[in-house]
Amino acid sequence: MRMAKNVWQGIQKGLSHSERGLIILQEDGETVFTPRELTEAAERAACSLVRAGIEPGDRVGIIARVTNVLAQSNVNILDISQTILQDYFTMIMLAEILDESLDLKALSTRLDAVGQELGVQIRVQHEGIFTAMHRV
């Protein structure tokens, strides 16, 4: 509930100086919210995030962004594992490159760019290197 409280307080602080309606543009047109309606909607959204286990500092969408790049590169994900290890989100994927002309370095560069946008580090290794490292 801490996140919900912070979101609500932030919105309340921003809206406490105005009682006029706010205009929120949506794809289907305009919707007008009063400050109270916007506060209630933000509270519901924040509570939903808390119930989903999302906490302050979490980065939502990491897996979605990475898997999107892999799908666009015609890379098949064979297995995926994720956990929090000493306060760090870690994810390991075993993937199969279906397009033999795909350069592993080029794929790594694309994933590095996504990692920089998300504020995470993404490492790409050939299976042979990974297997050799874990035999030691």
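The values are calculated or read from the model by the stated rules, or taken from the named source; none is laboratory data. The model shown is predicted, which means the values in this text are computed figures rather than measured ones. In this analysis, Cβ positions are derived from the backbone assuming ideal geometry, glycine residues included, and neighbour counts consider all displayed protein chains.
With the condition kept exactly as written, say whether any residue in the stretch 85-107 is of a type in the set (F, W, Y), more than 15 Å from the chain's Cα centre (by Cα) and surrounded by 11 or more Cβ atoms within 10 Å (Cβ to Cβ).
No: the stretch 85-107 contains no residue that is of a type in the set (F, W, Y), more than 15 Å from the chain's Cα centre (by Cα) and surrounded by 11 or more Cβ atoms within 10 Å (Cβ to Cβ).
Put simply, of L111, L49 the only residue that is of a type outside the set (D, E, K, R) and at pLDDT 85 or above is L111.
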